[in-house]
Amino acid sequence: MMPHPLCRLPLLLMFCFTLISCGGKGIIKSEEPVQSAEPVAQSPKAATKPGGYYLDDGPGENPPANIDNIPDAVPRTEILLARANLPYSALGKRYVPMTEYRPYKERGLASWYGKRYHGRKTSSGEVYDMYSMTGAHTTLPLPSYARVTNVDNGRSVIVRINDRGPFHSDRVVDLSYAAAYKLRLIEKGSGMVEVEAIDVNNRAMLKPAAASSQPEGGSARIVTSQVEPPPPVPQPAAIEAPEQQGTSSAPAMGDYVQVGAFKHKPNAESLIGKLKNQNLVGNVPVESWYNAGTYRVRLGPYASRLEAEDAAEKIRRALKTSAILIRQ
């Protein structure tokens with residue numbers, strides 16, 4: 001005998017609740033499969049209970065001493081990534097990324113993602129670093145730069161857009177943990193912001209096409225065709241002097257274990273000393289890699305992913321701290 005329809009109601013409600021509660025990033029389907037990007041998964045929301053974070057996301061165990069001192073991204077002319085700027089579909093909506101810098105200003109909710117996605121690849125193919133000043137946007141070119149302003153308190157940061165998302169109709173940008181911290185969005189999980197594209201070439205730009213300003217079928221957003229002159233670009237001299245930095249060149253390709261990220265070099269050197277004293281380095285190099293105002297203690301590259309995993313687990317047990325795998 002067929003079960004009464006009411007018997008299936010709890011399962012149906014549970015399924016609907018699961019769909020509603022999904023985060024901001026979803027599966028991206030490119031119109032050309034060979035050009036598909038590798039997106040970061042769902043983006044964090046505000047916690048549903050005091051002191052918690054959505055899907056156990058949140059700050060890392062060894063954050064820089066003063067995140068407010070992490071410098072903003074420095075806008076510069078970059079070559080757009082063809083594979084990352086193709087039209088694509090996500091969660092049933094079609095998006096047409098801009099393929100050139102255009103005037104763009106939009107207001108809506110900003111969310112952020114932290115340690116849950118730290119070390120994973122973004123849609124641009126770069127490794128996500130929660131302590132770098134970066135962001136994710138559905139249609140701005142990859143890579144590009146934008147000024148994000150907290151409407152409530154007037155705080156403003158410049159981020160490098162290197163990922164796709166968020167895919168909620170009311171959200172306009174996903175921010176790195178550091179960017180959200182500087183805007184004071186961490187505790188609330190999200191907040192109203194204004195996102196404005198930065199013209200790195202300082203020249204007149206074309207009016208954005210309708211398809212590029214918002215996804216098909218999406219809700220209306222505040223988009224203007226004229227923007228104010230771009231904000232002053234932070235000068236490299238504002239960053240710590242080169243003699244105070246650690247290794248700043250890009251690491252060699254391979255699998256690494258990152259143990260900590262610090263604002264001040266002595267803290268990174270202290271951790272390196274601890275790793276060496278407890279024989280946790282093994283036969284791979286260990287360095288304090290300087291990038292975007294942060295010293296990252298990294299070991300590697302390892303000969304294989306398995307060796308890196310074993311080393312990370314050994315460090316976690318010995319130091320009772322986080323050790324994440326990074327594919328460079």
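Which entries of LYS276/LYS320; LYS265/LYS314; LYS188/LYS265 show an alpha-carbon separation above 27 angstrom in the structure shown? Flagged as over cut-off: LYS188/LYS265. When peptides 89-99, 132-142 are ranked by their average number of other Cβ atoms within 10 Å per residue, the highest-first order is 132-142, 89-99. The convex hull built on the alpha-carbon positions of the range 242-327 has an orientation-averaged projected area of 5.2 nm².
Modelled spin-label separation between ALA318 and ARG184, with each label point placed 7 Å from Cα along the Cα-to-Cβ direction: 4.3 nm. Applying 1/(1 + (r/R0)^6) with r as the Cβ-Cβ distance of GLU269 and ASN66 and R0 = 25 angstrom yields a FRET efficiency of 0.90. Listed by Cβ neighbour count within 10 Å, with the fewest neighbours leading, THR149, THR77 appear as THR77, THR149. The simple spin-label model puts a point 7 Å past each Cα toward its Cβ; for ARG327 and THR99 those points are separated by 2.8 nm. The distance between label points at ALA252 and VAL200 comes to 2.9 nm (points 7 Å beyond Cα on the Cα→Cβ vector).
When the Kirkwood radius is taken over all Cα pairs of the range 83-208, what Stokes-Einstein diffusion coefficient follows at 20 °C and 1.002 mPa s, in µm²/s? Present the calculation step by step, with values, prior to reporting the outcome.
Values: Rh = 14.5 Å.
Translational diffusion coefficient: 148 µm²/s.
Residues of the range 143-165 with an amide N closer than 14 Å to a point placed 7 Å from the Cα of ARG107 along the Cα-to-Cβ direction: 149-154.
Counting neighbouring beta carbons within 10 Å and listing from fewest to most, the residues SER288, SER123 come out as SER288, SER123.
No lab work stands behind these numbers, since they all come straight from the coordinates. Not measured: the values here are computed from a predicted model. As a convention, Cβ positions derive from the backbone with ideal geometry for all residues, glycine included, and neighbour counts pool all protein chains shown.
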